[in-house]
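Below is one structure, written out as structure tokens, with a few remarks after it.
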Amino acid sequence: MQDIPLERRIPALGVHHKHQPKRLVSLVVFLVAAIGAVQFANPVLERRPFAMFMAKPIPQVEPSADAFGTSGEVLLKFSMPGREVEYPLAVHGDPAMLSYEWIRLGSEKSSTAARPLRGDKVVSPMAAGFYRLRLVRGDVRRLVDGLTLAVLVPFGRKEGDMLNGYRIGTYLGERLSGRRTPPEGFLEITQADLGLQITKHLKVSDFLTHDSQDAWPKYAAVSPRLLDKLELVIAEISSWRGSDIPVALDMDVHSGFRSPDHNRQVRRAARDSQHQYGDAADVTIDANGDGRISVMDSKMVGLAVEIVELKHPELVGGLGLYTSRRSGSYVHIDARGQRVRWRG
């Protein structure tokens, strides 16, 4: 190999160092352009880390105090399918960019697409059933506890006497003009729903018709005004005994909703009974706390009803005291809108 003089090798090295920075700059420019092209084609790669960093948690939310009726103890909101309904919320934080979805009772999956939360009105699901509200912000979700939404089955779904295999019967308003309009809709009740609290003292099962039908689901009309009135009566009695003494409320065997079909079979029942509209209940309350139901209890309950109607005239209705040995001692309470009194 021929020896190269030292003075010729040094300039060669100098030329190499002189052009290397240009090549590095070109390489960097190429890489930046390539990354930019990829990000332009898929901008999520750029935004996703920042979106995750900027996402806000969902604030603490619960139903506001006026969401539970006049009594403050009604735990159920009623709605027809797909209808806008008031669902007032107390939001402790920034409500911006909150959405909501509905979760059917007993499930964790969403039953509806998320909708933006605007004010105190929400749109109910299209399918009948009991639902919980879940708030959504980005990928974060939070259930709102304390208030259940009941989406009713419209009365128009009834075909003749039947509703989805369950015998309801026929209302007088279906046959005779000028009679009371039938209920707008019915609760659809499965066996899993029976234990659901719809007020502080009442469950779904308290309003089932006590007939012999084995069909499920079952159906019942329930008036939110009646629920409020019953809870106010209990609160009135509680105030006499002291708030630290619990009041037991038991529903009579003929209480709650009665389908027209079943009402015809009840001895001495009114032909167009308020029970058929979910607007009446026959109740027994141990008002004096002696551990048994007596005539004195019924009289005390009757007095409580009178006081509640004086305080809340919008809940005026019927009051019937039943104190016979044959039927036992119980009280009929309804919220029909006019004052009616009787003894049985």
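The values are calculated or read from the model by the stated rules, or taken from the named source; none is laboratory data. Since the model is a prediction, treat every value here as computed from it, not as a measurement. When we count neighbours, we look across all protein chains shown, and the Cβ atoms used for this are built from the backbone with ideal geometry, even at glycine.
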(request) Please specify each residue of the range 286-332 satisfying the condition of being of a type in the set (S, T, N, Q) and modelled with pLDDT of 95 or more. (result) none
(message) From the list 200, 158, exactly one residue is among the basic types (Lys, Arg) and under 29 Å from residue 285 (Cβ atoms). Which is it?
(response) 200
(request) Mind counting the residues in the range 292-301 that are assigned to a helix (DSSP H, G or I) and farther than 9 Å from residue 233 by Cα? (result) 6
(request) Look at residue 215 and say whether it is under 21 Å from residue 126 (Cβ atoms) and either outside the structural domain of residue 166 (by TED's automatic domain parsing) or not acidic (Asp, Glu) (or both). (result) no
(message) I'd like the full set of residues that are small (Gly, Ala, Ser) and either in contact (Cβ under 8 Å) with a residue 12 or more places away in the chain or within 19 Å of residue 198 (Cβ to Cβ) (or both), limited to the range 119-140.
(response) 124, 127, 128, 129, 138
(message) Here's a check for you: in the range 93-105, which residue that is part of a loop (DSSP other than H, G, I, E, B) and at pLDDT 95 or above is surrounded by the fewest Cβ atoms within 10 Å (Cβ to Cβ)?
(response) 105
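For every residue, the table says whether it meets (1) within 30 Å of residue 218 (Cβ to Cβ); (2) charged (D, E, K, R).
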site	(1), (2)
267	yes, yes
304	no, no
319	yes, no
336	yes, yes
340	yes, no
(request) Would you check if residue 127 is more than 16 Å from the chain's Cα centre (by Cα), not acidic (Asp, Glu) and not in a strand (DSSP E or B)? (result) no
(request) Among residues belonging to the range 62-92 that are over 12 Å from the mean Cα position of the chain (by Cα), assigned to a strand (DSSP E or B) and of a type outside the set (Val, Ile, Thr), point out the one that is surrounded by the most Cβ atoms within 10 Å (Cβ to Cβ). (result) 89
(request) Within the range 276-294, track down each residue that is over 33 Å from the mean Cα position of the chain (by Cα) and closer than 24 Å to residue 209 by Cα. (result) 293
